[in-house]
Amino acid sequence: MNDTVIRIEHITKVYTMGKNQVHALRGVDLTVARGEMIAIMGASGSGKSTLMNIIGGLDYPTDGSYYLDGIQVEKLGKNKLADIRNQKIGFVFQGFNLLARTTALENVELPLLYDRSGKKRDVKKMASDALAKVGLGDRLDHQPNELSGGQQQRVAIARALVTEPAILLADEPTGNLDSRTSIEVMALFQELNDQGMTVLLVTHETDIALYARRLVELRDGLIIRDEPVIDRRLASTDLQQFEEAEAVNV
């Protein structure tokens, strides 16, 4: 199996706004090996959201090539792109994007219901297994309003994992969470990564980025930094310290 899951070659993205052209990406090269955990950072307007939209198959580049798990994505039509998005990419969003008045199990089943690959699957079992993997095996019948913010994000992560994607793409996944819950979610991402899952995380928070193994920073549509995280934080250790501090203050 090829160890490269993402290969981006001189990707540019130009938006035309009236008579003006906005160069969101200016020739980005990026290679992601299977099993990496990467934090993508950058200020507003740096190009990080555009890059993530292209990686996620939500937008096409103006020029350049993008290969996902060996498939040249920018050459695909909309239907094929939707299929690749469903089969190869698991999305986790800041706002959870769960359906209200729908159980955790039914929310996690959704990507499988849109799968047009023709594979015969036990949808309920796959969804319940994914929820068990994120520690919610006892919350299958709970609706979002019956779950905490952290539990809702775990349901969203289970939904992203259920199709067994090549990459997990998380866009500000801790943006709506308090400090402790953010650490819990990052502990789950690190655990999944330790099991071999490739994780790409967009964040503006430096402390969250330090949970990744590699940091990629963009500015003005270019990658200005691409380096390993030297003093990587372990969420399990931080969580233990958080709990010890809470115990002292009780």
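The values are calculated or read from the model by the stated rules, or taken from the named source; none is laboratory data. Note that the structure is predicted; figures quoted are calculated from it, not measured. FYI the Cβ positions are ideal-geometry reconstructions off the backbone, even for glycines, and counts take in every protein chain you see.
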Checklist outcome for this item: Filter segment 126-147 for residues that are under 21 Å from Leu168 (Cβ atoms) and among the charged types (D, E, K, R); the one that is surrounded by the most Cβ atoms within 10 Å (Cβ to Cβ) is Arg139
Checklist entry - Can you spot a residue in segment 41-50 that is β-branched (Val, Ile, Thr), in contact (Cβ under 8 Å) with a residue 12 or more places away in the chain, over 25 Å from Leu210 (Cα atoms) and crowded, with 21+ Cβ neighbours inside 10 Å? => result no
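I'd like to verify a number: residues in segment 173-202 that are part of a loop (DSSP other than H, G, I, E, B) and in contact with a strand residue (DSSP E or B) (Cβ under 6 Å, 6 or more places away or on another chain), how many?
At the first step, the residues of segment 173-202 found to be part of a loop (DSSP other than H, G, I, E, B) are 173-178, 195-197.
When the remaining residues are screened for being in contact with a strand residue (DSSP E or B) (Cβ under 6 Å, 6 or more places away or on another chain), the result is 173, 197.
Going through segment 173-202 one residue at a time, the tally reaches 2.
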Item to check | Filtered residues of segment 144-172 (kept if part of a helix (DSSP H, G or I) and at positive phi) | outcome: none
Item to check | Residue among Gln94, Gln153 that alone is over 23 Å from Ile54 (Cβ atoms), in contact with a strand residue (DSSP E or B) (Cβ under 8 Å, 6 or more places away or on another chain) and in contact (Cβ under 8 Å) with a residue 24 or more places away in the chain | outcome: Gln153
Next on the checklist: Any residue that is more than 29 Å from Val229 (Cα to Cα), modelled with pLDDT of 95 or more and surrounded by fewer than 22 Cβ atoms within 10 Å (Cβ to Cβ) - is there at least one of those in segment 59-66?
Outcome noted: yes
Checklist entry - Scanning for something closer than 27 Å to Lys88 by Cβ and basic (Lys, Arg), does segment 180-187 turn up at least one residue? => result no
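Please indicate, with yes or no, whether at least one residue in segment 68-77 is in contact (Cβ under 8 Å) with a residue 60 or more places away in the chain and of a type outside the set (Asp, Glu). Spell out the reasoning first.
Of all residues in segment 68-77, those in contact (Cβ under 8 Å) with a residue 60 or more places away in the chain come to 68-70.
Subset that is of a type outside the set (Asp, Glu): 68, 70.
Within segment 68-77, one or more residues are in contact (Cβ under 8 Å) with a residue 60 or more places away in the chain and of a type outside the set (Asp, Glu).
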Checklist outcome for this item: Filtering segment 188-204 for residues that are surrounded by fewer than 18 Cβ atoms within 10 Å (Cβ to Cβ) and under 15 Å from the mean Cα position of the chain (by Cα) leaves a count of 3
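Is it the case, given these coordinates, that Val108 is under 28 Å from Val185 (Cβ atoms), at pLDDT below 95 and in contact with a helix residue (DSSP H, G or I) (Cβ under 6 Å, 6 or more places away or on another chain)?
Values: under 28 Å from Val185 (Cβ atoms): yes; at pLDDT below 95: no; in contact with a helix residue (DSSP H, G or I) (Cβ under 6 Å, 6 or more places away or on another chain): yes.
Here the answer is no, as Val108 does not meet what is asked.
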Checklist entry - Restricting the search to segment 176-202, which residues are touching a Phe, Trp or Tyr at 6+ places or on another chain (Cβ under 9 Å) and either of a type in the set (Val, Ile, Thr) or farther than 14 Å from Phe242 by Cβ (or both)? => result Asn176, Ile183, Phe189, Gln190, Met197, Val199, Leu201
Checklist entry - Just for segment 121-138: of the residues that are within 22 Å of the chain's Cα centre (by Cα) and assigned to a loop (DSSP other than H, G, I, E, B), which one is farthest from Ala187 (Cα to Cα)? => result Gly137
Checklist entry - If you take the residues in segment 111-128 that are among the charged types (D, E, K, R) and in contact with a helix residue (DSSP H, G or I) (Cβ under 9 Å, 6 or more places away or on another chain), which one is farthest from Pro165 (Cα to Cα)? => result Lys124
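Would you point out which residue out of Asp207, Asp141 is part of a loop (DSSP other than H, G, I, E, B) and more than 15 Å from the chain's Cα centre (by Cα)?
Values: Asp207 fails: part of a loop (DSSP other than H, G, I, E, B).
Being part of a loop (DSSP other than H, G, I, E, B) and more than 15 Å from the chain's Cα centre (by Cα) holds for just one of Asp207, Asp141, which is Asp141.
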